[in-house]
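A.B. asks: Dropping a structure here in structure tokens format, bear with me for questions.
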Amino acid sequence: MMELDKNYYIKEIENLKDFVTVAYIIIDDIYQKVTPPHIANRCNINNSVMSDSEIITICIVGELLTIDSDKAWLGFCKKNMRDLFPKFCDRTRFNRTRRNLHAVIEEIRKELSNLTGYARQPYRIVDSIPIPVCKFGRAKFHKTFRGFGATYGKCPSKKEIYLGYKLHMLATLDGFITDFAITPANVDDRAGVWDLIDSYRRIETSASQLTQ
């Protein structure tokens, strides 16, 4: 994973800029293709400091680099990529716009998956991982996510109960994730991926799913 507190050589940053530039061109083309008019032409979009494509590019590149701190990644971009993104909005507006564009970003991810060729592979592996929202000891006091579908669930591999959600995913035999869904933690693994597997001929599952 990229360490954002590290001092990078100019060459490394320039290589990253080249990658970001190519990513932006591809993502912007896909954005024009998949974005509904009511989103692309929404009110006051011409007054936005950053375009949707710029925000989506920064988000997706950060994910590809497996950076788990949005704040650190956005700070890195502000410091080192001013020539690519001359104007940056504040982090609150950036995150709000990203959340509002979640459906568009998902469609762009699907298109990018098609470009890699992985999506055309016929076989998928089904698996799931827990997404706890807090430590179990604090679960009964935790209120933030209770109105957003968080429930108690079991994690067989860790033999523990947790409060939160569950990520269900389909991956190629090479480990490339092509489809995913997030459900409350108490949803059965088989129920969670049912809508994801319709187009596939054969599914290999983990042992935990075979025994549920």
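The values are calculated or read from the model by the stated rules, or taken from the named source; none is laboratory data. No experiment lies behind these values; they were computed from the predicted model shown. Counting neighbours? That spans all protein chains shown, and the Cβs are built from the backbone with ideal geometry, glycine included.
A.B. asks: Considering only region 129-171, state which residues are in contact with a helix residue (DSSP H, G or I) (Cβ under 8 Å, 6 or more places away or on another chain), of a type in the set (A, V, I, L, M, F, W, C) and surrounded by fewer than 19 Cβ atoms within 10 Å (Cβ to Cβ).
C.D. replies: Passing the criteria: only Ile161.
A.B. asks: Within the group Arg138, Arg96, Arg124, which residue is under 30 Å from Pro184 (Cβ atoms) and not in a helix (DSSP H, G or I)?
C.D. replies: Criteria check complete, one pass: Arg124.
A.B. asks: Can you say whether Leu170 is within 30 Å of Ala23 (Cβ to Cβ), in contact with a Lys or Arg (Cβ under 9 Å, 6 or more places away or on another chain) and modelled with pLDDT under 85, as far as the supplied structure shows?
C.D. replies: Details: within 30 Å of Ala23 (Cβ to Cβ): yes; in contact with a Lys or Arg (Cβ under 9 Å, 6 or more places away or on another chain): yes; modelled with pLDDT under 85: no.
When the stated conditions are applied, Leu170 does not pass them.
A.B. asks: Return a yes/no flag: does region 160-169 have any residue that is among the β-branched types (Val, Ile, Thr) and part of a strand (DSSP E or B).
C.D. replies: For region 160-169, residues among the β-branched types (Val, Ile, Thr) and part of a strand (DSSP E or B): present.
A.B. asks: Could you list, in sequence order, the residues of region 115-142 that are farther than 30 Å from Ile30 by Cβ, among the aromatic types (Phe, Trp, Tyr) and in contact with a Phe, Trp or Tyr (Cβ under 8 Å, 6 or more places away or on another chain)?
C.D. replies: Once the filter is applied, which keeps residues that are farther than 30 Å from Ile30 by Cβ, among the aromatic types (Phe, Trp, Tyr) and in contact with a Phe, Trp or Tyr (Cβ under 8 Å, 6 or more places away or on another chain), region 115-142 yields only Phe136.
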